[in-house]
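Notes for the one structure printed next.
The values are calculated or read from the model by the stated rules, or taken from the named source; none is laboratory data. Since the structure is predicted, the reported quantities are computational estimates derived from the model, not experimental observations. Here the Cβ is made from the backbone with ideal geometry for all residues, glycine too, and neighbour counts use every protein chain on show. Ligands, DNA and RNA are excluded from the accessible area calculation, which covers all protein heavy atoms including side chains. Shrake-Rupley method; radii C 1.70, N 1.55, O 1.52, S 1.80 Å.
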Amino acid sequence: MPIMSDKPKVFFTADQHFWEFSHKNAIQFDQRPWYCVEEMNEKMTLRWNATVKPDDLVYILGDFSMGVPSEVAWADQLNGRLRLIEGNHDQDKRKRALFPKYFEEVYTKDKIIELEGLKIYMCHYPPDFNPYLQNGKSEAWQGSRDELVEECDLLLYGHVHLGSRVLPQYKAVNVGCMVWQYRPCTLEQILERK
């Protein structure tokens, strides 16, 4: 019989876009397998809670919800200790005011952790994407980020939704929920597919 571990697990995910009444096209855009936003939230929550236990740690790499700040409260429905790396849809000041109530930690920039002997760089954007170029800002962001990424064993990202899961040239894996059957994934699962 396999030995069951009571040790909390660490999970990674991104781009849930929970309760997006103001952005209902997430279902259509991502080709999500649900008819309406209410069904999407219900099914994604069931999958999350079947995967994650209350003491597990979950890093959300951006875009937890979008629209009205009250949508952040959906975090109360989810198992796990939640840590958020802000994505482009998490930067509303009114939403940020609610984050301390629902997230154990919130990072406004990328985060590096060590897990199982690996140095892991976590960010919302993929390594070949510069959000500042979209806004006409400087390219300086990419150069400093590249140096940090180079020092790491693995880069985890979201943002691109249906984009490639693995970018081997960058040691990068998309942890967006839509490429992991709408469930958070573990490092072990990520390494199996890398």
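Summed over the stretch 96-136, the residues that are open to solvent by 30 Å² or more (accessible area, probe 1.4 Å) and at pLDDT below 80 give a count of 7. Taking the criterion of being under 15 Å from the mean Cα position of the chain (by Cα) and more than 19 Å from Tyr107 (Cα to Cα), would at least one residue in the stretch 53-71 satisfy it? So far as the stretch 53-71 goes, no, none of its residues is under 15 Å from the mean Cα position of the chain (by Cα) and more than 19 Å from Tyr107 (Cα to Cα). In the stretch 54-70, how many are of a type in the set (D, E, K, R), in contact with an Asp or Glu (Cβ under 9 Å, 6 or more places away or on another chain) and more than 16 Å from Gly176 (Cα to Cα)? So the count comes out to 1. Looking only at residues of the stretch 172-182 that are assigned to a loop (DSSP other than H, G, I, E, B) and crowded, with 17+ Cβ neighbours inside 10 Å, we find that the one that is modelled with the lowest pLDDT is Tyr182. Selection over the stretch 61-108 of residues that are out of contact with any helix residue (DSSP H, G or I) (no Cβ under 9 Å at 6 or more places or on another chain) and among the aliphatic types (A, V, I, L, M) gives a count of 2.
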